[in-house]
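Data block below; observations after.
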Amino acid sequence: MFSSNIKMMKNKILIISAHPDDEVLGCGGTVAKHSLNGERVEQIFVSDGESARDKISIKNKQKTINSRLHAAKKAAKILGIKNTTSINFPDNRLDSIPLLEIVKELEKKISQFKPSIIYTHSDLDLNIDHQIVSRAVMTACRPINNLSVKEIYFFEVLSSSEWVHKSKESFLPNYFVDISKTINLKIKAFKSYKKEIKKYPHSRSIEGIKVLSQYRGMMVGVKNAESFFMKRKIN
């Protein structure tokens, strides 16, 4: 399925990411389109994104976490994301947290915000945090109690989605969004995460973002696109 234009009705959009920067890599251009259409976008980070790094001392850990969150809020402003919630579970150790705890935290936010569309991780990603967040989102979005969520899309994250080398289990998109007019906003937002930018040919580089958007664009005949796996759509 290909979407050249995000539908104009005023949806409420929620991005649920494992780590700060996943939201830009996964759906930054699409989110910018939602914002420019006047739709309200909010986001949740489930993990702090920093605490697993070996070279960070205990003394500097919180400072580093705060610095990354500051970068996330700067990126959010560029993309038009109105509110950021950080749950701050430990980075790359979500498998040490009972799934129910993560689900309950997400259920609270979903119940309060009442989004109609959610963007989150693919359950096939290499990163364990991405896998668990995906599972937690689907559990939190079970179709009970007049749930507001009508659409759920899994996004791909550079240096995680494409590094899964399984012939039968990899990210295969079935929904595309033309981001030709918002690719520059996506790149500008990612530049907020200065410490996360790698040198090409690393996939998590500015060039890597451009190349992926061009490749996904060629698949559907546009200059730049973001691709998703549509997990749910209720008309």
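The values are calculated or read from the model by the stated rules, or taken from the named source; none is laboratory data. Just so it is clear, the model here is predicted, and its values are computed rather than measured. Ideal geometry is used to build each Cβ from the backbone, glycine not excepted, and the neighbour counts take in all protein chains shown. The area values use the complete protein model at the heavy-atom level, side chains included, leaving out ligands, DNA and RNA. Shrake-Rupley method; radii C 1.70, N 1.55, O 1.52, S 1.80 Å.
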Relative to the compact globular guide of 2.2 N^0.38 Å, what is the alpha carbon radius of gyration of the chain, as a ratio?
-> 0.94
TYR215 label point, 7 Å along Cα→Cβ, cut-off 15 Å on backbone N: hits in segment 115-141?
-> 126
What residue among GLU50, GLU39, GLU169 has the largest mean-square fluctuation in a Gaussian network model of the chain, using Cα springs under 10 Å?
-> GLU169
Between the DSSP loop rule and a limit of at most 12 other Cβ atoms within 10 Å, which trypsin sites (Lys or Arg not before Pro) in segment 105-199 are left?
-> LYS166, LYS168, LYS199
From most to least accessible, 1.4 Å probe, no ligand or DNA/RNA atoms counted, SER111, SER192 line up as SER111, SER192
What percentage of the solvent-accessible surface of the chain, computed with a 1.4 Å probe over protein heavy atoms, is contributed by carbon and sulfur atoms?
-> 53
If amide H atoms are modeled at 1.01 Å from N in the peptide plane, then the residues at a separation of 5 or more from ASN88, or on another chain, having amide H under 5 Å from its own are SER47, ASP48
For a quick protection proxy, order the peptides 100-107, 13-20 by their average other-Cβ count within 10 Å, most packed first.
-> 13-20, 100-107
Amide H proximity to HIS121 below 5 Å, modelled H, separation 5+ or other chain, gives SER134, PHE155
Which value, in Å², gives the accessible area per residue of the chain when a 1.4 Å probe is used on the protein heavy atoms?
-> 50
So which lysines pass the test for LYS233, namely a Cα distance under 18 Å, with those fewer than 8 places away in the same chain ruled out?
-> LYS7, LYS10, LYS12, LYS114, LYS150
Hey, what number do you get for the chain at 222 nm if only DSSP H runs of n ≥ 4 count, each worth -39500 (n - 2.57), divided across all residues, to the nearest 500?
-> -12000 deg cm²/dmol
Gain in length, LYS188 to LYS10, computed as 0.36 nm per residue apart minus the alpha-carbon separation, to one decimal in nm?
-> 61.6 nm
Within the under-13-Å Cβ sphere about ILE128, not counting ILE128, Lys/Arg +1 and Asp/Glu -1 give a net charge of -3
Taking a straight Cα-to-Cα line shorter than 18 Å from LYS199, and setting aside same-chain aspartates and glutamates fewer than 8 residues away, one finds ASP21, ASP22, GLU162, GLU207
Cα-Cα pairs above 14 Å in segment 144-201: how many percent?
-> 74
Regarding segment 107-155, what whole-number volume in Å³ per residue does the convex hull of its Cα atoms give?
-> 67
